[in-house]
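Okay, so here's the structure we're looking at.
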Amino acid sequence: MIPDTHPVDNLLHPFDGHVPGISVLLIVDGNAQYARAIGKADLERNTAITIATNFRLASLTKQFTAAAVVRLAAQGALSFGDTIARFFESTPAFWRQITVHHLLTHTSGLPDYEDLIPPDTATQLHDHDVLALVRRVDTGYAAAGAAFRYSNTGYCLLALIVEQVAAQPFAAFLREQVFLPAGMHFTMAYEGDGNAIPRRAFGYSFRDGTFVRTDQSLTSATLGDGGVYSSTIDLERWDAALASDALFSEPWRAALFTPHVATPSGDSYGYGWFLTRIAGQRAAYHTGETIGFRTAIIRLLERRCTAIVLANRSEAEPLPIAQTLIQTALENGNAVERTGD
């Protein structure tokens, strides 16, 4: 058992032992102040989780999709005000009112593609399949820009836009233009069964008194909305890149964290990030949820303080753990503590 030396330690006990585990990291001023990697990445092979274990990020992926779009905008290859009809042929008329900005901020009015999947579908969907599904719908649930409604559809379409503008597969663009410049050498997008993820965790769910592998679903191969795998150590590098000009200059980084639209919860949404306030300080956060995985990240925007939590079980609740890490950092938190390397 891990010793109780930090306020978050007791929250991690359920992940200790021969069970699906968790990797957590607190970064303050660019330094790791707290890190734990416990439990198993693969129960069947008894593989332990480390800080280098890759988890499916689920919707934490959206911040990378947004960064890819912003990188292209910074290069002058597209504009946030471009209508999406520019990028896709044979689209419904109402798509001429939807812009890249609307996709980034979940205000496009496009239907959720998950609701359109035929019941007899047996193979994993890709972003092009999402396009085919939503292109058949003649009207949106609201006019473009009229309402915030969280949309995986929009981020799948953004991945296709990046592909078209960059003239290369989205996964390749992410690797070459986002991950490698950020120093994230082991982060990658999952493209299907033939796309092996190194050092990966498998997802599990607790059913009938035991953990059962539930690693993939019909939507596990869509990329723009949730297809990236990464580790806490690579996300530490991502956090550093967001505090530098590694990907784009400050005015473009600011676009990610500008409160473009209010959400029903009272927070705001930027580009790929929810925006809120914690102890009076501006903060950005996101969670990820898919079968077998739960993830969360919180960044304080007025100082270098970030909490990252990645778990490979459906029952995990990573956001409260991340919030506790941030709270302890604000209260004190000086000693660097790292295990599970």
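Readers should treat all values here as calculations from the given coordinates under stated rules, not as data from a laboratory. Every value quoted in this text rests on a predicted model; they were computed, and no experiment measured them. Note that each Cβ is placed from the backbone with ideal geometry, even for glycine, and that neighbours are counted across all protein chains shown.
Here are a few things to note about the model shown:
- Net charge contributed by nearby residues that have their C-beta within less than 11 Å of residue 257 (K/R +1, D/E -1): +1
- Dividing the summed helix terms, -39500 (n - 2.57) for each DSSP H run of n ≥ 4, by the number of residues in the chain produces a 222 nm estimate of -6500 deg cm²/dmol to the nearest 500.
- Distance between the range 127-194 and the range 267-333 - C-alpha centres, whole angstrom: 23
- Euclidean distance between Cα centres, the range 1-44 to the range 207-221, Å: 22
- Net length gained if the chain between residue 136 and residue 331 were fully extended (0.36 nm per residue, minus Cα distance): 64.9 nm
- Of the trypsin sites (Lys or Arg not before Pro) in the range 18-99, those whose Cβ has at most 14 other Cβ within 10 Å and which sit in DSSP loop: 45
- Residue 265-residue 185 FRET efficiency (beta carbon distance; Förster radius 35 Å; 0.05 resolution): 0.50
- With only the Cα atoms considered, the range 208-341 has a convex hull volume of 162 Å³ per residue.
- Excluding exposed DSSP-loop GluC sites (Glu not before Pro) (at most 10 other C-beta within 10 Å), longest clean stretch of the chain: 90-301
- Placing one equal scatterer on every Cα of the chain and applying the Debye formula, the log10 ratio I(q)/I(0) at q = 0.15 Å⁻¹ is -1.28.
- Surrounding net charge for residue 153, when Lys and Arg each add one and Asp and Glu each subtract one, Cβ distance under 14 Å: -2
- Placing a label point 7 Å from the Cα of residue 303 along the Cα-to-Cβ direction, the residues of the range 22-58 whose backbone N falls under 17 Å from that point are 26-34.
- Inter-label distance, nm, simple model (7 Å from Cα along the C-beta direction), residue 112/residue 277: 3.1
- Convex hull volume of the range 133-213 per residue (C-alpha atoms, cubic angstrom): 210
- Taking the empirical scaling 2.2 N^0.38 Å for compact globular proteins as reference, the range 1-93 has a Cα radius of gyration ratio of 1.68.
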